[in-house]
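This report refers to the structure that appears directly beneath it.
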Amino acid sequence: MDERRISQTCFPARYIQGPDALGKIPSIVKGFGSSALMIVDPFVADKVLPEVEEHFSGADLVIEKFVGECTEAEIKRLADIGSEKNCEAVIGFGGGKTLDTSKAVSFYMAKPIVIVPTLASTDAPCSARAVIYTESGEVVRYLDLPKNPDVILLDTKLIVKAPVRFLISGIGDALSTWFEAESCMAKGSPNSTCGAGHLHTGSMTAYALAKLCYDTLKEFGMLAVSSARAGACTPAFEKVVEANTLLSGLGFESGGLGAAHAIHNGLSELAACHKYMHGEKVAFGVLAGLFFSDKGKKVIDEVYDLCLEVGLPVCLADLGLEKPTEEELWTIAKRTCTPEETIHNELKPGTPDAVYQAIKAADLEGRRRKGMK
């Protein structure tokens, strides 16, 4: 069997989005059984639950607070509680590590998982993967799950209350989806389904959804950011939340990753970049990737214009590197090109020199467009 001739596309079973969507929780729980373990982070427990508990009327929920990191010990603690209480499903309600923990708990309990993000800042909620950490926050391993979540539920009345930087970061993450999927499609590179080691490619459905993601961000990105600043759940806001979460989630996992996320990982080697969000670093990775893959002026103009409109980084100074040294630039470039990195899904060979040149070009172009010297 030649796996390279087999495409594979994965989806969450159900995606629900809109104002007051939390009101669907009781019927979802009833569909899975009598009760559910709801895992919440401290912010949700203290600030959100008191405001939304009316939505859960009639649902038998065992609510437990997620503490600290997504560690093996915390996963076991919560899974033991769910088993002792005979919970028939798991609901993760909160930020990224809460959701990863909930995915892992549902896996070890062998129960359905409902993912309820409080932010539209990444495309991770839809994925069949959880990241496991140490108590001090270092990555231990990736837990590749046998299926995507059973339900993804986003209440946009809650999402719109988050600081707008999270939505903008989500746009940065989603901005990479089409360009990386396009590269994987052109080369026949493997996508991100089923974890590392397989050679399945994306389907035309995955690539079409990735392109729709980019088109949505171009058309509605700035309007969505303006809506978020006003606290308004407009149609544009709804479209971009869906692009950030569902379209980008399907596009990256079933389409594949490329230069942008590899460059993100290179940037993450530098302490100066640690305070910046995932999507902010990915956005600059997209820009550098455009030069790496020799995109034309029309596309480069489109992407820089979108980044400047919504407030994403367009140069290294925007990521804490006002005057990057040669050593720092080469650190980024070399880390980007390690053997396991997704830069090698691109048509062009991923060499440190090629990445170094692309980063310098993207940085200078961003500075020029911002009127910086």
key: Size-normalised alpha-carbon gyration radius of segment 159-209, reference 2.2 N^0.38 Å   = 1.45
request  = Would you mind getting me the FRET efficiency between residue 57 and residue 300? Use the beta-carbon distance for r and R0 = 35 Å, nearest 0.05.
outcome  = 0.10
ask   = Once both labels are modelled 7 Å past Cα along the beta-carbon direction, what's the residue 368-residue 204 spacing in nm?
value = 3.9
remark   = For segment 32-117, the Debye formula with one identical point scatterer on each Cα and no solvent gives log10 I(q)/I(0) at q = 0.13, 0.16, 0.18 Å⁻¹ as -0.34, -0.52, -0.67
query = Dividing the convex hull volume of the Cα atoms of segment 164-369 by its residue count, what figure in Å³ per residue is obtained?
reply = 108
ask   = Just the C-alpha atoms of segment 253-306: what Rg/Rh do they give, with Rh taken as the Kirkwood radius?
value = 1.01
query = Per 5 Å bin, what is the whole-percent P(r) computed from every C-alpha pair distance within segment 93-219?
reply = 2, 10, 16, 19, 21, 19, 10, 3, 0
inquiry  = Tell me the net charge near residue 55. Cut-off is 12 Å between Cβ atoms, residue 55 excluded, with +1 for each Lys or Arg and -1 for each Asp or Glu.
reply    = -3
message = Bins of 5 Å, beginning at zero and ending with the bin holding the largest distance: percent of Cα pairs per bin for segment 14-159, please.
response = 2, 11, 22, 26, 22, 13, 4, 1
ask   = Per residue, what volume in Å³ does the Cα convex hull of segment 129-176 take up?
value = 150
task = Please give every one of the aspartates and glutamates within straight-line cross-link reach of residue 323, meaning a C-alpha to C-alpha distance under 16 Å, and leave out same-chain neighbours fewer than 8 residues apart.
result = 363, 365
query = Given the pairs 211/348; 85/161; 161/360; 24/147; 334/370, which are separated by over 26 angstrom at their Cα positions?
reply = 85/161; 161/360; 334/370
request  = Could you tell me the largest-minus-smallest coordinate of the C-alpha atoms of segment 76-139 on each of the three principal axes, in descending order and whole angstroms?
outcome  = 33, 25, 18
ask   = Taking the chain as a Gaussian network, where each spring joins two C-alpha atoms under 10 Å apart, which residue of 170, 266, 285 fluctuates the most?
value = 266
message = Using just the Cα positions, wrap the chain in a convex hull and report its mean projected area in square nanometres, one decimal place.
response = 18.0
Span per principal axis, largest first, for the Cα atoms of segment 263-357 (Å) = 34, 31, 21
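Read-outs: derived from the displayed coordinates by stated rules, not from any lab. Values in this document were obtained by computation on a predicted structure and should not be read as measured data. Don't worry about glycine lacking a Cβ; one is built from the backbone with ideal geometry, like all the others, and counts go over all protein chains shown.
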